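Just below is one structure, and these are the notes that go with it.
Derivation of every value follows stated rules applied to the coordinates shown; laboratory data play no part. These numbers come from a predicted model, not from an experiment. Glycine gets a Cβ as well: all are built from the backbone with ideal geometry, and neighbour counts include every protein chain shown.
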Amino acid sequence: METQGQQRVKDHTDVLNKIKRGAVSPLEILNLTPAQLMGAGKAFMSIGVYKSGVAFLDLDKLVNLPLVAVEQMHILGILDGRLEDYDLQTITLPAGSAIGASVRQRLTIPAGETWYINDVQTVTPPDSGGRASINWRCSLWPEGGTNPDADGQGFHAAAQADAIGLGATFDDEFHPGAPFIAPENKSVLLRLPAGAVITFQAINTVAAAIADMVCSGALYGFRTTKLVQ
């Protein structure tokens with residue numbers, strides 16, 4: 001066989017001939033591609049009827065995607081905002097921040113992990129000259145419009161703040177009963193695969209800050225086995 005680049009392609013002619021004669025071991029078949037087996041007449045592609053038309057069987061939809069439900073049965077660790085820069089992020093608006101000043105901090109899901117989130121909790125402090133408002137964005141949610149945010153769509157259309165400046169805790173929930181608590185909540189867990197980024201954004205309003213205003217964002221849920229890419 002001819003080389004392709006720096007890699008020599010393995011010649012499977014002998015194995016294919018053995019398949020045609022019915023004299024091949026299972027281990028030898030494992031070294032062949034589906035296309036080679038179909039060419040030898042020893043493998044077939046399944047088709048079916050979908051919406052009155054003929055369609056190929058989609059193994060991704062049949063096997064891979066349903067595994068999302070199974071992933072949630074394998075809890076490997078608890079997420080509850082206990083570890084800074086892992087499931088907790090501090091966002092500080094420094095003293096002197098002008099009205100409209102914004103600070104962003106990010107949490108990235110580590111390689112090899114999949115997280116299921118039931119609550120994204122954000123906290124703002126009492127007023128300190130200015131008033132802190134807070135929102136969060138998810139990199140999995142592309143933002144529409146003419147000027148989309150690179151960090152993804154914000155969960156809230158506008159950042160949240162305590163109306164009387166005493167500071168507040170906000171819970172954005174993801175579970176079957178969540179929409180009954182607040183209409184913007186979602187009825188399913190938020191699945192975050194490795195590499196997904198949650199960005200917390202604090203914004204100063206009302207007046208210039210006379211001292212640091214320390215906000216926080218925490219993720220509540222669990223780590224699990226990754227079964228779906």
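For the range 135-229, what does the equivalent ellipsoid look like in terms of its semi-axes, each the square root of 5 times an eigenvalue of the Cα gyration tensor, given largest first in whole Å?
26, 17, 14
Taking amide hydrogens as placed 1.01 Å from N in the peptide plane, the amide H of W115 sits under 5 Å from those of L192, each at least 5 positions away in sequence or on another chain.
If you plug the beta carbon distance of L62 and T225 into 1/(1 + (r/R0)^6) with R0 = 22 Å, you get a FRET efficiency near 0.65.
Can you compute the label reach from Q72? Point 7 Å from Cα along the Cβ direction, backbone N cut-off under 14 Å, restricted to the range 98-120. Counting only backbone N, you get 115-119. Taking amide H as placed 1.01 Å from N in the peptide plane, A95 has its amide H under 5 Å from the amide H of D212, M213, each at least 5 places away in sequence or on another chain. Stretched out straight at 0.36 nm per residue, the stretch from M45 to H156 would grow longer than its current Cα-Cα span by 35.3 nm.
Within the range 69-224, the percentage of alpha carbon pairs spaced more than 25 angstrom apart rounds to 31%.
Based on the Cβ-Cβ distance of I181 and R82, what FRET efficiency does E = 1/(1 + (r/R0)^6) give at R0 = 35 Å, to the nearest 0.05? With R0 = 35 Å, the Cβ-Cβ based efficiency is 0.90. Under 5 Å from the amide H of E143 lie the amide H atoms of D149, G152, Q153, each residue being 5 or more positions distant or on a separate chain, with H modelled from the backbone and absent for Pro and chain starts. Residue-wise HN-Hα couplings along the range 180-195, as the Karplus relation 6.51 cos²θ - 1.76 cosθ + 1.60 with θ = phi - 60° gives them from phi, are 6, 7, 7, x, 7, 5, 10, 8, 10, 5, 8, 8, 10, x, 3, x Hz; Gly and Pro carry x.
Annotation: peptides 45-51, 135-141, 167-173, 153-159, ranked by per-residue average of other Cβ atoms within 10 Å with the highest first, follow the order 135-141, 167-173, 153-159, 45-51.
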